[in-house]
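The values are calculated or read from the model by the stated rules, or taken from the named source; none is laboratory data. Source: prediction; values computed, not measured. Here the Cβ is made from the backbone with ideal geometry for all residues, glycine too, and neighbour counts use every protein chain on show. Accessible surface areas use protein heavy atoms only, side chains included; no ligands, DNA or RNA. Shrake-Rupley method; radii C 1.70, N 1.55, O 1.52, S 1.80 Å.
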Amino acid sequence: MNQQPYIAEQAGISSAARAKAFLNKVYMWMAVCMLITAGVAAYTAQDMESLFWVTEHRLLLCLGTLGIIVFMSFCAQKLSAGALTILLLTFAAAQGLLFGPVLISYGLESVGKAFGCTAAMFGAMSIYGAVTKRNLGTLGRTLLMLLIGLLVCMIINIFWGNGMFDFLICCAGVIIFALFTAYDTQNLLKIGLSNDAELQRKAAVLGALDLYLDFINLFIFLLRLLGRDE
């Protein structure tokens, strides 16, 4: 009796289970980051000294969070999984500080609506990325070019200050980061097929950063849209 089809089927099941377990670990780290950001933001929003400090050092915080992203991305091979994890959690806490004033500016109702819409959209696109048979890897270069265009438009509108242009930027931002969510999820599933344990530990942290950034940016653009009339 030929056992090859059975062995191949079992190998396929094993690979799928390994990829699913890896993706669950990514979601776990992402959830931890979200909780840290929410907790720090809530504390900052109700503490006047913290709000004042964040306002005074906002540029430094923004540059610091950007520096963490760049450092994690370019030094991932040299850093241990533990070091990457510390950097990820530090980044999440710094984001919480930056979001403190946002809670004050938009109010809890707008923030709650935006968070609910973001969670629903993120979940739908992440599921799509995980189950679709379509190769989303071809979207990578297109999404990168769209992201660069979006950043250029945002810089232009800082000086122009056109309300309709800002509305279009927000709509484009929502679409771009929704697609990034599906794209990143599918890429992470492919990484999850690896048998390299150390690679997976690092990739889980870096993957959590990618999905966290997708969620946060999606949330920001939706908040700007939903909070326009508040």
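Considering only 96, 173, 137, the mean-square fluctuation computed in a Gaussian network model of the chain, springs between alpha carbons under 10 angstrom, is largest for 137. Seen against the Cα atoms of the chain and their longest principal axis, helix 58-74 is set at about 10 degrees. Charged side chains reduced to their Cβ positions (Lys and Arg at +1, Asp and Glu at -1) give the stretch 19-146 a dipole of some 800 debye around its Cα centre. Report, in degrees rounded to the nearest 10, the 0 to 90 angle that the Cα long axis of helix 4-46 makes with the longest principal axis of the chain. On a 0 to 90 degree scale, this one is about 20.
Each of (i) 0.94; (ii) 1.12; (iii) 1.04 is a candidate for Cα Rg over 2.2 N^0.38 Å; the one calculated from this structure is (ii). Apolar share of the accessible surface for the stretch 41-117: 71 percent from carbon plus sulfur atoms, 1.4 Å probe. For the chain, the relative contact order is 34 percent, taking Cα pairs closer than 8 Å that sit 6 or more residues apart in sequence and dividing their mean separation by the residue count.
Given a cut-off of 23 Å, name the pairs among 20/202; 133/202; 78/133; 133/190 whose C-alpha atoms lie farther apart than that in the structure shown. Mind dumping the intermediate values first?
Working: 20/202 16 Å; 133/202 26 Å; 78/133 34 Å; 133/190 12 Å.
Exceeds cut-off: 133/202; 78/133.
This model, with +1 at the C-beta of Lys and Arg and -1 at the C-beta of Asp and Glu, gives the stretch 65-209 a dipole about its Cα centre of some 360 debye. Within the listed set 174, 40, 131, the Gaussian network model of the chain (springs between alpha-carbon atoms below 10 Å) gives the highest mean-square fluctuation for 131. Taking Cα atoms only, the orientation of helix 163-191 departs from the longest principal axis of the chain by about 20 degrees.
On a per residue basis, the stretch 52-196 carries 57 Å² of accessible surface, using protein heavy atoms and a 1.4 Å probe.
The order of 49, 56 by accessible area, most exposed first and with a 1.4 Å probe, is 49, 56. Could you check the simple spin-label distance between residue 46 and residue 74, using points 7 Å along Cα→Cβ, in nm with one decimal? A separation of 4.1 nm, rounded to one decimal place.
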